[in-house]
Structure formats: structure tokens, C-alpha cells
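J.: Handing you a structure now.
Throughout, read-outs are computed from the coordinates displayed, never taken from laboratory work. Here the structure is a predicted model, which is why all the values come from computation and not from measurement. Every residue, glycine as well, gets a Cβ built from its backbone with ideal geometry; the counts of neighbours run over all protein chains shown.
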Amino acid sequence: MMDFTSHRVAWRLILRCCCLVVLPIFFVVRGFAHDPALSSVKVMLTGKEMAISVTVHQLALEKATGHRLDPVDTDIAIRSRTFVYAGSTRVEAKMASLDVDAKGGAVTWSTRVPWNSQPVSVRQAVFPDDPAAKSLVTIYKDGRAIFDTVYDSKTVQLAPTGLQSPEAWYVRLLRFTGTGISHIFIGIDHVCFVIGLVLLGGSLRGLLRVVTSFTIAHSITLALAALGLVTLPARIVEPLIAISISGIAIDNILQLRRTYTNVDTAWKHRVAATFVFGLLHGFGFAGALGTLDLTGTQLATSLWGFNLGVELGQLVIVLCTAPLIGIIVKKYPIHGRILRISGSIAIGLAGLFWFVQRITAG
């Protein structure tokens, strides 16, 4: 029998663990997950003309400005945050067109201005206050790429005078691996989904089977969406992702409320369900790469690196939470069960909140 002291210690552990799970959810519960601080700047030099286009995720831009944007506001936000120079003079241009991709959630701002053959430089400043911001900058001359790289925030780079090779594939791979890792941890809904999987408990083998099913599924849809073969509107994908979080949480509660539950058996039906949910999350991840408008080898290395980063971030979440929950459940079975149920309730409520928020916002 557990004495009073050990009983009190157990409850302290439970309270601390609940704080680790619940408090971060409600501190950031109003955030959208798949609105990355990524942008694409293309400068096309032809004869005496310079064409500039900037593609950015609409929700990320709204988050950076702090309010909803209409077309006029979007024009002002992009124009005031994009710095293109001809020589030492900043190019001042009015918007020629603004195209909205309703499915991917991206907007593309375009303009054309005279060019007097001076060297061109670009500063990535669409998200100047976000150190994790990335921008793909490509400069073309007479239809051929003469500069191609991914900038971190506030980088300035002159375009070369002659043709050059694009950024090395392994450099781009490392850049987008970091972007994938960052994308996981700024996407609190995805973090909640993975923690929801872990909360059910069970053997490491069962957990790995479900996580592997999820990984395969979102890798498939991420690739298909990035290639433009299959796309779904963000206004449909985002609410469904939120519901998938609540679905995992509800399943946890139904399984754990039983007096005797064979958790390893309960994992079996989750492989197929998690695969379906993984397909949805893959479309959500695709919104990040879709903003950059990648093609060819750019797309291949960026997709590989981004997906690798997502998996590494996911692995960190599992390795940080599963052992801790396993120790508590093994040492204090009753209190561990309470922890798993209360954590699932919190995650389920967060998923419902996101669902309502995204439906009303769409």
C-alpha cells in the first residue's frame, strides 16, 4: 500500500506533468500551425525591364502584421517588407497584380519596373522579426537563373554578373531540414497530435508501429501536394487536422476509462486510423513548401530535407514524452492513468477549439 508521503509525491509529479502538457496548449491555443514564415522572391531581368514577384503564406503575413489583411493591406505589407535594389537604389514599385491561391493559402504579389542593367540585390525582410524566417531568392537573366539560394532573415546578397550554379544540394538539404524541425515545434497542433499518440501508453513496438504509419502517410501526401498532383484547400485541411487531434484524444479516453485495457491490442486499430490522419497532416505540411514555388532539383532536395526535419522533430517529441509517461505509469499505475486521461481531455478540448476557430475563420 502506498503511504501518505509517497502518495503526495505522486500527485506532485502528476501536477507537474499536467502543467507541461496542458499549460503550453492554452498559452498558444489560438495559433494556427501551418502558416510558416517562408517566402519566395523572384526577380526576372529581361532587356530593360525587371519583373518582381513575391509569394508568401497569407496567414503567416497576417500573423506578422497582427491583423487580417484585405488586398490593399496585403499590397502594403509585402511592398513595405520586400527590398530589391538596382545598384544602391531601392526599387520602388506599385503592385501590378495580386494572385491568391485559395487551396494552398499563399498570395503572390507581382510588379514590373524599368531596369538599367545595374547589379541587383535582394533583402529578405518579409518577416524581419522572425529569426527562423526563410526566403527562396532566385534571380533570372534572359530566362536563365543566375542566382538561387535560401536566405535567413535580413540577408542581403548581390546578384552575380555571370551565370553560376545554384546553391549546392546538400546546403539546401540542411537548410530545409532545419526548417522542417522548426515547423514541427511552431505547429502546436501537430505536437499535440503526437503527444496524444504517446499518452495511450503500451509497448515501444506498438508506439513505433503507429508513428511509422503516421510518418508514411504524411510523407505520401506531402510529396503529392508539393508536386502539384493532389491538393486540398487549407480551409478544409486545417479543420480536419484539428478534428484528428480530438479523435485521438477521445479514443485515448475510451480505452483508458476501462478498468482493464490491453493497450497493445488497442494499438492495432490505431494503425489504420493514424494513417488516415497522417494523410491530412501531410497536406498541412505541404502548405509550407507550396509557398516557395519550388521545381525540379530545388523541389527534390527541399522536400527531402523538410520531411527529414519533420521526422527528427517528431522523434524528439516522442523520446521526451514517452519515457516520462512510461515511468510514471509503471511506478504509480493509478495516478499514471489519471494523468493520461486528463492529458487526453486537455488535448481533445484544444482540438475542438481549433476546429471551431478554423471553421469560423474560413
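J.: Compute the distance in nm between two label points, each set 7 Å from the Cα along the Cα-to-Cβ direction, one at Phe185 and one at Leu227.
T.: Each label point is offset 7 Å from its Cα along the Cβ direction, giving 3.2 nm.
J.: May I pose another question? Restricting attention to region 43-97, which GluC sites (Glu not before Pro) occupy a DSSP loop and are surrounded by at most 13 other Cβ atoms within 10 Å? Could you put the intermediate results ahead of the total?
T.: Numbers: sites: Glu49, Glu62, Glu92; in loops: Glu92.
Listed in order of number, the matching sites are Glu92.
J.: Here is a further query. List every residue whose amide H lies under 5 Å from the amide H of Val230, counting only residues 5 or more places away in sequence or on a different chain, with H placed 1.01 Å from N in the peptide plane.
T.: The list, which skips near neighbours in sequence, is Ala225.
J.: Same structure again: Using 7 Å Cα-to-Cβ label points, what is the Ala273/Leu319 separation (nm, one decimal)?
T.: Result for the modelled spin labels: 2.8 nm.
J.: Peptides 188-200, 221-233, 337-349: what's the order by average Cβ count within 10 Å, highest mean first?
T.: By packing density, highest mean first, the sequence is 188-200, 337-349, 221-233.
J.: I would also like to ask the following. Using r as the Cβ-Cβ distance of Ile243 and Met95, and R0 as 45 Å, what FRET efficiency do you calculate, to the nearest 0.05?
T.: 0.75
J.: Moving to a separate point now. At what distance in nm do the modelled label points of Thr360 and Ile76 sit from each other, each positioned 7 Å from its Cα along Cα→Cβ?
T.: About 2.6 nm separates the two model spin labels.
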